Every structure is written in C-alpha cells, then in structure tokens.
1. Any residue in region 258-281 that is more than 12 Å from ILE240 (Cβ to Cβ) and in contact (Cβ under 8 Å) with a residue 60 or more places away in the chain sitting within a Cβ distance under 8 Å of a residue that is within 12 Å of the ligand (Cβ to nearest atom) and basic (Lys, Arg)? List the pairs, counting only those 6 or more apart or interchain.
2. Can we say LEU54 is closer than 28 Å to ARG333 by Cα, more than 16 Å from the ligand (Cβ to nearest atom), in contact with a Ser or Thr (Cβ under 6 Å, 6 or more places away or on another chain) and touching a residue at least 24 places away in the same chain (Cβ under 8 Å)?
3. Among the numbered criteria (1) in contact (Cβ under 8 Å) with a residue 24 or more places away in the chain; (2) within 27 Å of SER141 (Cα to Cα), which single criterion is violated by LYS16?
4. Can you tell me which residue in region 382-405 is modelled with the lowest pLDDT, limited to those that are in a loop (DSSP other than H, G, I, E, B) and surrounded by fewer than 24 Cβ atoms within 10 Å (Cβ to Cβ)?
5. Which of the residues belonging to region 210-229 are within 26 Å of VAL47 (Cα to Cα) and aromatic (Phe, Trp, Tyr)?
6. Return the pairs, sorted by first residue and then second, in which the second residue is more than 10 Å from the ligand (Cβ to nearest atom), the first residue lies in region 133-151 and is at positive phi, the beta carbons are less than 6 Å apart, and the residues are 6+ apart or on different chains.
7. So is VAL47 in contact with a helix residue (DSSP H, G or I) (Cβ under 9 Å, 6 or more places away or on another chain), of a type in the set (A, V, I, L, M, F, W, C), in contact (Cβ under 8 Å) with a residue 12 or more places away in the chain and not assigned by TED's automatic domain parsing to the domain that holds LEU131 or not?
Amino acid sequence: MQHLINSQLICADYHKDYPMIERGKGIYLYDKAGNEYIDACGCTAAVTHLGHGLDCISEALYEQSKKLAVHPTHLFYNEALEKYLASICAFAPEGFNHAWTISGGTEAVENAIKLAFQYQKVKGYKRHKVLARWGSYHGNSITVLDVGGLKARRDYYTDLMVDHLHVSPCYTYRNAEGMSEEAYEDMLIQELENTLAAHPEIFCFLAEPIVGAALGAATPTPNYFKRIKAICDAHDILLIADEVMTGFGRTGTNFGINLYGDYADILCCAKGISSGYFPLGAIIVHDRVYDAIRASGQPFYSGQTYACIPLAAAVGQANLDYIQQHNLVDNAREVGGYLKSKLEGLKALSCVGDVRGEGLFLGIEFVQNQATKAIFDPNVFFSKKVEAQAFKEGLVSYACRGTVEYSKGDHMLFAPPITLSHEEADLIVDKLQTAIKKVYSKLQ
Ligand SMILES: Cc1ncc(COP(=O)(O)O)c(C=O)c1O
C-alpha cells in the first residue's frame with residue numbers, strides 16, 4: 001500500500017492508501033502484493049476493450065516504433081496512417097469517409113467542435129456557440145468542460161468559461177416520470193426548438209448516444225436522435241456524436257449511433273479505439289462536412305504534435321483487427337445482454353433502482369426507495385462505498401454521481417473488456433452483489 005501524502009504525484013486523494021498495481025492480463029489486474037482484481041469498468045472507464053496484456057498489440061506498437069514513431073507531417077504522408085484511416089472509415093457508418101487522429105477523447109471532442117465551427121464559417125454563418133446537454137461529460141479541457149454538463153466536474157472552472165449552451169438530456173428513469181415515452185420525447189424536442197429559436201448563434205449540437213459516466217449508461221428513447229437530427233438539418237447545425245465511450249463495439253454495435261439510425265455528422269472516438277495501449281483519439285467525418293470544407297479550399301485549421309502519427313495508427317489498426325477477427329462486437333452484444341439480465345436480478349435488493357445500457361456498457365442506479373426513487377443522502381456516498389467494498393472483494397468498479405441535479409444521486413458504470421465470457425460476467429455479478437449487500441446492510 002502507498003499513502004500518497006508524501007508522493008511527488010499531483011493526486012486526487014492524498015489521504016487514501018493505494019495498492020501498487022503491477023500488471024494486467026485479460027480482464028484481471030494484479031497488484032504488487034499478488035492480489036487479483038476483475039476489471040469491471042475497463043480502467044476508468046470503458047477504455048480496455050481488449051483486456052490487458054495482449055502481446056499482439058504490444059508487438060504492433062514495438063514494430064512500428066522501430067520503424068517510425070512520428071513523422072514530419074508538413075512534408076510527408078505515411079502508409080500506416082493511410083491504411084488505418086481507411087480501416088476506421090470502413091468500420092464507421094456509410095458516408096463517414098474521412099478521419100483524423102489525435103491523442104484522446106478530450107482532443108477528439110475539441111477538434112470536432114473546431115471542424116463544426118469551420119463548417120459553419122465556410123457556409124457563411126457567423127455562429128459561435130455549442131449546444132450540448134446537462135448530465136453529460138465530454139472531457140476535461142476548459143472548452144470541453146464548458147460544453148459538458150456534469151456540474152461536479154465543471155463548476156470549479158466556470159469563471160474561465162464562455163458559457164456554451166445546454167438542454168436537458170434524454171434520461172427516462174427520472175425525467176420521464178408520469179409521462180408516455182412519446183410525450184417525454186416531444187417535450188425534449190420542443191425544448192430544443194425553443195433553444196435554437198432563442199439562440200441563432202448555435203452552430204452544433206453535441207451528445208453521447210448513450211450517456212456514460214454522468215448518467216450511468218442512460219439510453220435515449222428510440223426516435224430521439226432521428227428527431228434531433230431532423231431539427232439540426234433544418235437549421236444547418238451539425239450533430240456531433242461523442243462516441244468516446246460507446247464506439248468501437250462497446251454497445252454491441254460498431255458505434256453507439258448504429259443503435260438509433262446512424263444520425264450524426266461527426267463521430268468523436270477514443271478509449272476503445274486503442275484499448276489504452278497507446279493514447280489515441282479520432283474524429284470521423286461525414287462527406288457532407290468534409291465536402292463543404294474541401295470546396296472552400298481551406299485546410300482544417302488545427303494540428304498538434306501527436307495528430308496523425310504512425311505509432312498511434314499502428315496500435316489502432318492492431319486493436320481494430322483484433323476486434324474484427326475475434327467478433328468482439330457480437331460478443332459485447334451477446335455477453336452484454338447476459339450481464340444485463342444478471343444485473344437486473346440485483347433489483348431484488350431494494351437499493352437497486354434501475355439497470356440500463358446496451359452491450360457491455362451498463363449502469364446501475366441506486367435508490368433509497370424503489371417506488372419513490374428517493375436518493376441516498378449525498379453525505380452517505382453510497383455508490384463510493386459500494387465501489388470501496390467491491391474493491392475489497394476483488395472487483396474494480398466505477399462509482400459516479402449526477403443523476404439528480406447533475407451533482408447528486410448514486411450510480412455505477414460497468415464497461416468490462418468486450419472479450420468478457422459468461423463465466424466472467426457471473427463473477428462480476430457475484431462480487432458486486434456481495435459488496436452491495438454488505439454496504440446496504442450497514443445502513444439499515
Ligand atoms: C463521453 C466522453 N467523452 C470524452 C471523454 C474525454 O476523453 P479523455 O479522457 O480521453 O480525454 C470522456 C472520458 O471519460 C468521455 O466519457
């Protein structure tokens with residue numbers, strides 16, 4: 001155990017003991033003392049699609065680094081990159097034929113916003129605001145915290161923000177209470193129409209297909225994205241899908257938007273795009289966006305040292321090849337359905353209010369009372385306690401809050417490697433059930 005009070009690390013919690021983690025294999029993590037943990041959140045969170053310690057990915061990294069890690073992008077092009085961009089465009093829905101890589105999710109979202117801003121400029125508009133949703137997390141730069149709607153993470157920095165705009169998320173468990181699904185969807189669509197009418201300065205709409213950390217795998221109503229896209233199109237506003245967590249097979253489809261009709265103009269990707277073996281993110285862009293910018297003759301006004309480097313492309317390629325060769329998208333759907341049904345069984349415990357999500361992207365929301373959906377006192381830190389107890393049982397999980405007033409309410413997100421087997425799913429549920437029971441019984 002390491003207490004970080006005297007460490008040189010700038011750290012989140014100086015007063016906690018951290019085991020020294022040493023290695024990982026498959027869905028398992030091992031600390032220096034030899035303890036074994038199941039990684040049920042995919043390393044904070046939804047990162048390790050393939051699991052840990054895969055030789056073929058390390059070898060791809062090694063082989064490319066021996067050849068060429070980075071190249072002078074102002075003078076050369078590179079085959080590893082060219083091949084990789086073709087692969088991810090082929091994996092994306094029809095019409096998404098151009099892509100650009102970067103180091104992670106925050107940068108992917110930031111660059112998608114830049115590209116959308118450039119699109120509206122070449123179309124002759126003078127717009128300057130992003131519309132996104134409360135109860136969403138899109139990354140940690142100031143701009144992306146600003147467009148994000150997770151108060152727990154953004155509020156400290158509000159003085160540095162330019163106040164991008166937000167509408168309500170599509171979150172049926174609490175917000176559609178007493179309404180039909182259709183009436184709830186109508187209400188959200190009306191809110192969007194009103195916001196766009198009041199703010200002609202909006203140039204893009206940003207949303208996660210399934211909300212990850214902020215709302216615990218909250219899925220939209222079936223026609224939500226279709227209707228959102230129709231309105232965006234009517235205003236010539238681009239719809240950016242933040243697929244940082246939901247992309248590359250996590251939801252049992254190639255991308256989260258595949259579940260709802262492929263409605264988007266730009267996809268932001270990271271995490272499972274490389275399973276954490278190398279820092280990688282990407283934007284994948286629909287022809288309608290690319291063609292407009294290209295017709296203007298302008299380059300994409302962006303660029304960073306680690307944009308479009310061969311080393312990242314080689315790892316991304318090996319990662320995608322593995323996903324496809326091992327049918328991991330199908331596995332996420334199949335085993336995800338199984339895991340979800342087992343998690344549904346936990347509703348027998350009266351503190352489990354909701355189980356939701358798609359594929360291996362699942363969430364549990366805790367409540368004090370299943371009928372009223374009353375939350376636990378935030379000072380109880382219920383989901384944090386479950387996370388800590390699960391850790392003692394050898395399960396790495398991810399506790400979050402934010403389903404009520406975007407800052408309160410307890411939930412957990414589950415995103416284990418998409419290689420998961422049925423037996424491993426059983427182990428996760430057994431350990432989780434033990435942890436929840438132990439925490440809950442102490443509160444009774
Ligand atoms: C939906 C979503 N978008 C963007 C990000 C930011 O990605 P990164 O942490 O790689 O910058 C995250 C990170 O958790 C995320 O969940």
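The values are calculated or read from the model by the stated rules, or taken from the named source; none is laboratory data. All of these numbers come straight from a predicted model, not from anything done at the bench. Reconstructed Cβ throughout: ideal geometry from the backbone, glycine too, with neighbour counts over all protein chains shown.
1. If the second residue must be within 12 Å of the ligand (Cβ to nearest atom) and basic (Lys, Arg), the pairs left are GLY272/ARG250.
2. Numbers: closer than 28 Å to ARG333 by Cα: yes; more than 16 Å from the ligand (Cβ to nearest atom): yes; in contact with a Ser or Thr (Cβ under 6 Å, 6 or more places away or on another chain): no; touching a residue at least 24 places away in the same chain (Cβ under 8 Å): yes.
Taking the combined requirement at face value, the residue does not satisfy it.
3. The number of the failed condition is (1).
4. Quick first cut of region 382-405, residues in a loop (DSSP other than H, G, I, E, B) only: 393-394, 397, 405.
Subsequent filtering for residues that are surrounded by fewer than 24 Cβ atoms within 10 Å (Cβ to Cβ) retains 393-394, 405.
Working: GLU393: 98, GLY394: 98, GLU405: 91.
For region 382-405, the residue satisfying everything is GLU405.
5. PHE225, the sole residue that qualifies.
6. Every condition considered, the pairs that remain are GLY135/GLY149; GLY135/PRO169; GLY135/LEU215; GLY135/TYR406.
7. Details: in contact with a helix residue (DSSP H, G or I) (Cβ under 9 Å, 6 or more places away or on another chain): yes; of a type in the set (A, V, I, L, M, F, W, C): yes; in contact (Cβ under 8 Å) with a residue 12 or more places away in the chain: yes; not assigned by TED's automatic domain parsing to the domain that holds LEU131: yes.
Spelling it out, VAL47 is indeed in contact with a helix residue (DSSP H, G or I) (Cβ under 9 Å, 6 or more places away or on another chain), of a type in the set (A, V, I, L, M, F, W, C), in contact (Cβ under 8 Å) with a residue 12 or more places away in the chain and not assigned by TED's automatic domain parsing to the domain that holds LEU131.
Quick grid of which residues meet (1) away from the ligand (no atom under 16 Å from the Cβ); (2) over 16 Å from THR219 (Cβ atoms); (3) part of a loop (DSSP other than H, G, I, E, B):
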{"site": "TYR125", "(1), (2), (3)": "yes, yes, yes"}
{"site": "VAL130", "(1), (2), (3)": "no, yes, no"}
{"site": "VAL144", "(1), (2), (3)": "no, yes, no"}
{"site": "GLY149", "(1), (2), (3)": "no, yes, yes"}
{"site": "TYR156", "(1), (2), (3)": "yes, yes, no"}
{"site": "ASP159", "(1), (2), (3)": "yes, yes, no"}
{"site": "PRO169", "(1), (2), (3)": "no, no, yes"}
{"site": "TYR173", "(1), (2), (3)": "yes, no, no"}
{"site": "GLU185", "(1), (2), (3)": "yes, no, no"}
